[in-house]
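The values are calculated or read from the model by the stated rules, or taken from the named source; none is laboratory data. Keep in mind it's a predicted model, so treat the numbers as computed, not measured. Quick reminder, even Gly has a Cβ in these numbers, built from the backbone with ideal geometry, and neighbours come from all protein chains shown. Surface accessibility is based on the protein's heavy atoms, side chains included, excluding ligands, DNA and RNA. Shrake-Rupley method; radii C 1.70, N 1.55, O 1.52, S 1.80 Å.
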Amino acid sequence: MAFLVPVTGGCACCAIRYECLAEPMFTWKCHCRECQRSTGGGAAVNVVFPIAAVQFVKGTPKEHTSTGTSGNKTHRGFCAECGTPISARADLIPNIRGISAASLDDPDQVELIAHIWTSSAQPWDELSATLPQFETTPTKEELQELASQ
């Protein structure tokens, strides 16, 4: 299913609005502990765009930075007013930005292509047996292959 561009969304209180001026590269479900904590659930569904395609047209997310097991930093953006998770970007892959699928105006367009950080997946969070699964972050080569699907 192709996304209608621009892809738009924002937080629950409308203090933050964004537009993504390109179709997403891919969408994955991340099961790392930081994504679990940031969403309050078993995983985060991130719709991944080229970083230059994402524009905040109203407000700017507050960012929390953490250091992952790789030693690289991840920056998670959220609304400082209502707490809605909005985005994530990682120093390891600086040319992409994940947008929280739940923050999209039309999340029905989302199609998962992989599960990542399955080594941290909770036993009560179901993983699709038909999708590729990665114990940690995919390599750059694996990312390229996922993006080409």
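Quick notes on this structure:
- Subset of the stretch 24-40 (residues that are surrounded by 19 or more Cβ atoms within 10 Å (Cβ to Cβ) and among the charged types (D, E, K, R)): Lys29, Glu34
- Gly42, sole failed condition from (1) in contact with a Cys (Cβ under 8 Å, 6 or more places away or on another chain); (2) within 20 Å of Ala121 (Cα to Cα): (1)
- Residues in the stretch 132-149 that are open to solvent by 30 Å² or more (accessible area, probe 1.4 Å) and assigned to a loop (DSSP other than H, G, I, E, B): 8 in all.
- Meets criteria (over 16 Å from Thr27 (Cα atoms) and modelled with pLDDT of 95 or more) for Glu141: no
- Test: Leu21 is touching a helix residue (DSSP H, G or I) at 6+ places or on another chain (Cβ under 6 Å), in contact (Cβ under 8 Å) with a residue 24 or more places away in the chain and either over 22 Å from Glu111 (Cα atoms) or open to solvent by 70 Å² or more (accessible area, probe 1.4 Å) (or both): yes
- Within the stretch 91-131, the only residue that satisfies the criterion of being closer than 24 Å to Pro61 by Cα, in a loop (DSSP other than H, G, I, E, B) and open to solvent by less than 60 Å² (accessible area, probe 1.4 Å) is Val110.
- Total residues in the stretch 6-18, condition in contact (Cβ under 8 Å) with a residue 40 or more places away in the chain and open to solvent by 30 Å² or more (accessible area, probe 1.4 Å): 6
- Filter result for Ala43 (farther than 15 Å from Pro138 by Cα, open to solvent by less than 40 Å² (accessible area, probe 1.4 Å), among the small types (Gly, Ala, Ser) and within 14 Å of the chain's Cα centre (by Cα)): yes
- Listed conditions (1) under 11 Å from Ser100 (Cβ atoms); (2) at pLDDT below 95; (3) of a type outside the set (Val, Ile, Thr) are all met by Gly40, apart from (1).
- Residue count, the stretch 52-84 (criterion: aliphatic (A, V, I, L, M) and open to solvent by 60 Å² or more (accessible area, probe 1.4 Å)): 3
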